[in-house]
Amino acid sequence: MTTPAPPWTAAVRREVLPNGLTLLVQRDRSAPVAAVVTHVKAGFFDEPDAWTGISHVLEHMFFKGTPTRGVGQIARETKSVGGYLNASTTYDHTSYYVALPAARLAEAIAVQSDALMHAAIDAGELARELQVIIQEAKRKLDHPGAVTAETLHEVMYDRHRIRRWRIGYEQQLAGFTRADVHGYYASRYVPSRTIVAIVGDVDEEEALRLGRAAYGGWAPGPGAVDPSPAEPPRHEVRARTLRGDVTQAEVAVGWRGVPALDERAIPLDLAAGVLGAGRGSWLYRALRETGLATSVNAWHYSPTELGVFSVGADCDPDRVPQVLAAVARETRRLTEQGPSAEELDRARTLLVARWSRGLEEMDGRAASLAGAEALGDYRLLDREFAQLLAATAGQVREAAASILDPGAVSAVIFQPRGRGADLTGAELGATFSASDGTGAEPGPAAGTTSPPVRPVHVPRTAPVAEVHHVALPGFDLLVRRKPGVPLVTLGTYVPRAAFDPSGQAGVSALAVRSAVRGAGDLDAASLAFALERLGGTLTTSITLDWLGFGTSVLAPAIGEAGRLLHLVLTAPRFEESQVLAERGLLVEETTQVTDDMFRYPFQLAFGAAFGDQGYGVPSLGTPEELANLTPEQVRAWHGRALLAPRGVVVAVGDLDPEAALGLLAGVFDDGATRVSAPLVTPVPWRVGPGTAPRVSVRQKAQSAFAMAFPGPSRRDPARHAAEVWSAVASGLGGRLFEALRDRRSLAYTVVASSWQKARAGAFLAYIATGPEREEEARREMLVELSRFAAERVTPEELAQAVNYLAGQTEVQRQRAGAVAGEVLEAWLAGEGLGELAAPAERYRAVTAEAVRAVAETTLGPESLRAEGVVRGTGGGK
């Protein structure tokens with residue numbers, strides 16, 4: 001049910017300054033937020049081999065000061081006005097962005113323009129930052145998905161620069177000099193290659209005036225042009241096998257695609273959607289629904305001058321041949337038969353919704369406008385959207401047939417050492433040439449829809465913090481209007497009043513995951529199709545405090561989407577074969593967590609903190625106990641954990657609250673009375689003074705450790721002081737960032753946060769560094785953390801952190817999904833809807849002494865500490 005949206009580029013003001021810089025301004029009043037995105041047409045494609053990775057190095061140095069702003073000042077100034085600052089480097093451009101309260105636009109432009117035009121690139125700072133980037137490169141080597149994807153590019157292309165390991169290698173990175181980086185900066189960062197897009201609740205004339213004043217004095221320059229070597233055509237099957245310390249296989253299959261402006265680009269996006277978007281996609285049904293793979297995706301990626309059409313999957317090492325056979329079968333079917341009208345409509349509707357979500361936030365809209373302008377015209381967004389709505393099944397099939405040639409396929413598999421077979425080009429070629437294109441059964445016919453949901457009258461109540469509440473016998477309905485894009489985020493949840501029983505860790509996850517495999521009279525495919533035709537995919541929510549199901553659909557579909565969510569919650573089929581298939585995938589997924597150098601240290605730390613119960617058990621369970629769960633146990637636990645507690649339904653988006661409440665009441669007023677189950681019983685910590693860290697030794701390039709200290713829970717009055725501590729400690733301009741990353745070059749990733757759940761809380765800290773510096777990193781981390789307990793934060797630090805948190809309360813409410821999450825958390829884990837009103841004032845009430853007091857309780861000399869460590873041996877892959 002695609003719903004055409006108003007032109008995405010409506011009322012955009014475009015102005016090219018005399019020096020060649022392009023300004024784009026668009027007013028969006030949906031939130032009191034503004035974003036400034038600086039798009040520089042210089043990325044990995046612009047780097048000669050001698051400078052591989054230098055675009056990314058320059059991105060790091062962008063934040064390292066100017067003649068008038070010292071090291072760290074750019075980040076501190078941005079946080080002080082409530083802004084979030086970040087950047088990314090990709091193949092065809094580098095982008096810098098800030099999102100902040102719209103009233104502070106002038107400060108954002110002043111800081112961003114100074115950093116862009118006057119980067120200092122100090123030699124000493126460069127030397128320190130290069131060590132940080134080397135740690136980032138090692139971190140990437142420990143990420144099997146990244147290694148597999150970029151190796152696929154290397155296999156597919158022989159000469160073009162897309163084939164390189166784009167972040168660069170340690171030896172080359174360590175050799176970059178200031179002359180190198182400044183030379184690249186001076187020759188690529190010029191006005192004619194720069195687009196500045198400003199989107200938000202701004203006055204267009206004032207924004208243009210600020211842009212002219214800030215950027216107009218930048219001296220023009222020709223800009224160096226060093227194009228990538230041209231790629232010769234080829235028709236050949238290629239394969240490569242990688243080996244490393246991983247538990248599951250990574251599979252990447254690819255073909256050379258087309259550039260962004262090729263007329264086949266949008267049809268190929270749709271082809272990828274037919275194959276891999278949502279639970280109703282061909283590959284999901286062929287691979288994940290059958291238990292062959294834990295995850296699968298398909299993408300057409302098209303930077304400026306070429307493209308890559310790829311399929312990715314994670315699976316058991318011994319199932320790689322079956323996975324490749326399924327990919328061959330489904331891609332052949334797409335090229336020979338094409339999608340049916342219903343299958344194309346499903347994929348199209350999902351892509352329309354995905355498109356809308358990408359433009360919901362101001363920085364997303366600004367980045368999209370800048371990207372389209374870089375391709376020649378910002379109005380390309382509207383033309384591509386129109387093409388997306390108009391493309392036919394025949395065009396999709398023809399585009400796929402022109403690209404997905406069995407004789408030109410490439411594949412890379414990343415296998416564990418000692419498990420699974422290697423893949424040869426001959427084997428890959430035989431798999432794809434032998435496929436007959438007979439795939440999964442077509443999706444359900446269009447006529448399998450239910451009658452429209454009939455609304456019922458509900459009493460009108462005064463909203464609290466803009467949230468309308470209606471209490472039904474079994475559910476609380478919470479609805480809030482959030483204008484902007486034509487989408488609604490909708491979910492139904494129950495409090496996780498009881499943790500998984502002893503010996504059944506993962507039974508909640510298995511019950512929730514199995515429920516989406518069929519409910520009522522709908523099997524898995526019918527259920528997926530029914531929801532995806534409305535613009536949403538069915539998602540599961542398995543947290544430590546609640547369980548549930550959600551989606552994000554086109555606004556007119558809220559009633560039907562609610563009916564489907566209610567069906568999944570209350571009437572899952574739990575067919576034995578489906579439960580067992582999902583159980584196998586969860587076993588593999590929970591095993592694969594051990595490969596994640598960020599998640600696994602925290603999992604180990606929480607286990608040390610709480611023991612093997614409650615918050616100490618991962619929300620998805622453990623592979624050992626999951627493997628022994630039965631369908632009977634799943635059915636019984638569903639009745640106790642999902643049907644008995646009183647539920648909550650949350651809807652946020654472009655809706656009429658009264659009409660939405662009527663429709664949802666027509667669905668969820670089902671005659672059942674459910675028991676309120678507040679999450680109030682504290683979960684005790686099990687760590688003691690002598691508790692040893694939980695350690696896993698792996699053949700990884702880095703060591704990573706997570707620390708957990710007992711801290712305020714979600715309802716603790718000290719929680720806002722804890723969040724202020726986190727803002728002082730972490731992020732760009734934070735104490736830990738500057739002490740451990742900027743001054744000591746210990747790591748790329750340094751994190752500190754306040755972890756707040758309904759029944760417990762913690763202060764968390766994390767760092768990943770070279771194995772040889774693990775003890776140094778731990779020692780310095782503890783020194784910095786102890787300072788918070790011993791002394792007050794400075795007035796400047798306090799003001800910066802408070803302003804940042806206050807500003808981000810506005811920035812985060814740009815997305816309906818974020819608002820829905822905030823409402824849900826306040827209702828189930830917090831103090832109710834009232835806390836959603838004026839959240840910034842709670843941060844402004846925090847004092848330096850309050851921060852010190854909560855830190856003393858948590859981080860003082862007598863504080864308890866739990867720790868999880870993944871200790872690398874220094875060898876990546």
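The values are calculated or read from the model by the stated rules, or taken from the named source; none is laboratory data. Predicted, not measured: the structure shown is a model, and the values here were computed from it. All Cβ positions, even for glycine, are placed from backbone atoms using ideal geometry, and neighbour counts span all protein chains on display. Quick note on the areas: whole protein, heavy atoms, side chains included, nothing else; ligands and nucleic acids left out. Shrake-Rupley method; radii C 1.70, N 1.55, O 1.52, S 1.80 Å.
Could you tell me which numbered condition Asp142 fails, if it satisfies all but one of (1) surrounded by 23 or more Cβ atoms within 10 Å (Cβ to Cβ); (2) in contact with a Lys or Arg (Cβ under 7 Å, 6 or more places away or on another chain); (3) modelled with pLDDT of 95 or more?
Here Asp142 meets the rest and fails (3).
Kindly list the number of the only condition in (1) more than 23 Å from Ala829 (Cα to Cα); (2) open to solvent by 10 Å² or more (accessible area, probe 1.4 Å) that fails for Glu532.
Here Glu532 clears every test but (2).
Which residue out of Val33, Val40 is within 22 Å of Glu136 (Cβ to Cβ) and either in contact with a strand residue (DSSP E or B) (Cβ under 7 Å, 6 or more places away or on another chain) or of a type in the set (Ser, Thr, Tyr) (or both)?
After ruling out the rest, the residue left standing is Val40.
Does segment 300-333 hold any residues that are of a type in the set (Val, Ile, Thr) and more than 18 Å from Ser281 (Cα to Cα), and which are they?
Within segment 300-333, Thr304, Val308, Val320 qualify.
Does any residue in segment 80-103 that is closer than 11 Å to Leu805 by Cα come within less than 6 Å, Cβ to Cβ, of a residue that is open to solvent by 30 Å² or more (accessible area, probe 1.4 Å) and among the polar types (S, T, N, Q) six or more places away or on a different chain, and which pairs are these?
The qualifying pairs are Ser80/Asn803; Gly82/Asn803.
For segment 618-626, indicate whether the set of residues that are over 24 Å from Pro572 (Cβ atoms), part of a helix (DSSP H, G or I) and not hydrophobic (A, V, I, L, M, F, W, C) is non-empty.
Checked against the condition, which is being over 24 Å from Pro572 (Cβ atoms), part of a helix (DSSP H, G or I) and not hydrophobic (A, V, I, L, M, F, W, C), segment 618-626 yields at least one hit.
Could you grab me the full set of residues in segment 132-167 that are of a type outside the set (Phe, Trp, Tyr) and under 16 Å from Val409 (Cα atoms)?
Thr148, Ala149, Glu150, Thr151, Leu152, His153, Glu154, Val155, Met156, Asp158, Arg163
Only residues that are in a loop (DSSP other than H, G, I, E, B), closer than 26 Å to Phe610 by Cα and in contact with a Pro (Cβ under 8 Å, 6 or more places away or on another chain): list them for segment 838-875, please.
Ser863, Leu864 - these are the residues of segment 838-875 that are in a loop (DSSP other than H, G, I, E, B), closer than 26 Å to Phe610 by Cα and in contact with a Pro (Cβ under 8 Å, 6 or more places away or on another chain).
List every residue pair whose Cβ atoms sit under 8 Å apart, with the two residues 6 or more apart in sequence or on different chains, where the first one lies in segment 729-746 and is farther than 17 Å from Thr769 by Cα and the second, anywhere, is assigned to a loop (DSSP other than H, G, I, E, B) and open to solvent by 20 Å² or more (accessible area, probe 1.4 Å).
Note: pairs meeting the criteria are Leu732/Phe63.
Quick check on this structure: which one of His153, His160 is touching a helix residue (DSSP H, G or I) at 6+ places or on another chain (Cβ under 6 Å) and either at pLDDT 95 or above or surrounded by fewer than 21 Cβ atoms within 10 Å (Cβ to Cβ) (or both)?
Only one candidate qualifies: His153.
Tell me, yes or no, whether segment 573-589 has at least one residue that is surrounded by fewer than 22 Cβ atoms within 10 Å (Cβ to Cβ), in contact with a strand residue (DSSP E or B) (Cβ under 6 Å, 6 or more places away or on another chain) and not aliphatic (A, V, I, L, M).
yes
For segment 287-324, enumerate the residues that are open to solvent by 40 Å² or more (accessible area, probe 1.4 Å) and either over 20 Å from Leu404 (Cβ atoms) or assigned to a helix (DSSP H, G or I) (or both).
Glu289, Thr290, Ser295, Thr304, Glu305, Asp318, Arg319, Pro321, Gln322
Select from segment 168-182 the residues that are within 25 Å of Ala230 (Cβ to Cβ) and either in a helix (DSSP H, G or I) or at pLDDT 95 or above (or both) and list them in ascending order.
If the condition is that a residue be within 25 Å of Ala230 (Cβ to Cβ) and either in a helix (DSSP H, G or I) or at pLDDT 95 or above (or both), then Gln172 is the only one that fits.
Residue check, Arg792 against (1) closer than 18 Å to Arg719 by Cβ; (2) open to solvent by 10 Å² or more (accessible area, probe 1.4 Å); (3) modelled with pLDDT of 95 or more, all met but one. Which one?
(1)
Give me the residue from segment 703-718 that is under 18 Å from Ala853 (Cβ atoms) and assigned to a strand (DSSP E or B) and, out of that set, least open to solvent (accessible area, probe 1.4 Å).
Among those residues, the one meeting the criterion is Phe709.
For every residue, the table says whether it meets (1) open to solvent by 50 Å² or more (accessible area, probe 1.4 Å); (2) farther than 20 Å from Arg481 by Cβ.
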{"site": "Phe788", "(1), (2)": "no, yes"}
{"site": "Ala801", "(1), (2)": "no, yes"}
{"site": "Gly807", "(1), (2)": "no, yes"}
{"site": "Glu810", "(1), (2)": "yes, no"}
{"site": "Ala820", "(1), (2)": "no, no"}
{"site": "Ala855", "(1), (2)": "no, yes"}
{"site": "Gly868", "(1), (2)": "no, yes"}
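Looking for whichever is without any contact (Cβ under 8 Å) to a residue 40 or more places away in the chain and within 27 Å of Thr673 (Cα to Cα) here; the options are Ala497, Ala471, Ala511. Which one fits?
Ala471
In this structure, is Thr194 touching a residue at least 40 places away in the same chain (Cβ under 8 Å), under 24 Å from Gly145 (Cβ atoms) and within 29 Å of the chain's Cα centre (by Cα)?
For Thr194, the condition - touching a residue at least 40 places away in the same chain (Cβ under 8 Å), under 24 Å from Gly145 (Cβ atoms) and within 29 Å of the chain's Cα centre (by Cα) - is not met.
If you scan segment 336-373, which residues turn out to be open to solvent by 20 Å² or more (accessible area, probe 1.4 Å) and polar (S, T, N, Q)?
Gln337, Ser340, Ser368, listed by residue number.
Quick one: count up the residues across segment 627-662 that are under 31 Å from the mean Cα position of the chain (by Cα) and either more than 24 Å from Phe574 (Cα to Cα) or in a loop (DSSP other than H, G, I, E, B) (or both).
13
Being at pLDDT 90 or above, hydrophobic (A, V, I, L, M, F, W, C) and in contact with a helix residue (DSSP H, G or I) (Cβ under 8 Å, 6 or more places away or on another chain) is the filter; apply it to segment 429-457 and report the residue that is most open to solvent (accessible area, probe 1.4 Å).
Step by step, filter segment 429-457, then rank; the result is Val456.
Within segment 77-86, track down each residue that is crowded, with 20+ Cβ neighbours inside 10 Å and either in a strand (DSSP E or B) or touching a Cys at 6+ places or on another chain (Cβ under 6 Å) (or both).
Answer for segment 77-86, where residues must be crowded, with 20+ Cβ neighbours inside 10 Å and either in a strand (DSSP E or B) or touching a Cys at 6+ places or on another chain (Cβ under 6 Å) (or both): just Leu85.
If you scan segment 719-747, which residues turn out to be on the phi > 0 side of the Ramachandran plot and either surrounded by fewer than 24 Cβ atoms within 10 Å (Cβ to Cβ) or in contact with a Phe, Trp or Tyr (Cβ under 6 Å, 6 or more places away or on another chain) (or both)?
Gly731, Ser745
State the number of residues belonging to segment 88-103 that are surrounded by 19 or more Cβ atoms within 10 Å (Cβ to Cβ) and not in a loop (DSSP other than H, G, I, E, B).
Adding up the residues that qualify gives 10.
Determine whether segment 406-428 contains at least one residue that is open to solvent by 20 Å² or more (accessible area, probe 1.4 Å), under 15 Å from Leu351 (Cβ atoms) and either at pLDDT below 95 or part of a helix (DSSP H, G or I) (or both).
No, that holds for no residue.
Do you know which of the residues in segment 220-263 that are touching a Gly at 6+ places or on another chain (Cβ under 7 Å) and either among the small types (Gly, Ala, Ser) or without any contact (Cβ under 8 Å) to a residue 12 or more places away in the chain (or both) is surrounded by the fewest Cβ atoms within 10 Å (Cβ to Cβ)?
This residue is Ala239.
So which residues in segment 464-497 are open to solvent by less than 30 Å² (accessible area, probe 1.4 Å), farther than 30 Å from Arg27 by Cα and among the hydrophobic types (A, V, I, L, M, F, W, C), if there are any at all?
Listed by number, the residues that qualify are Val470, Leu472, Phe475, Leu477, Val494.
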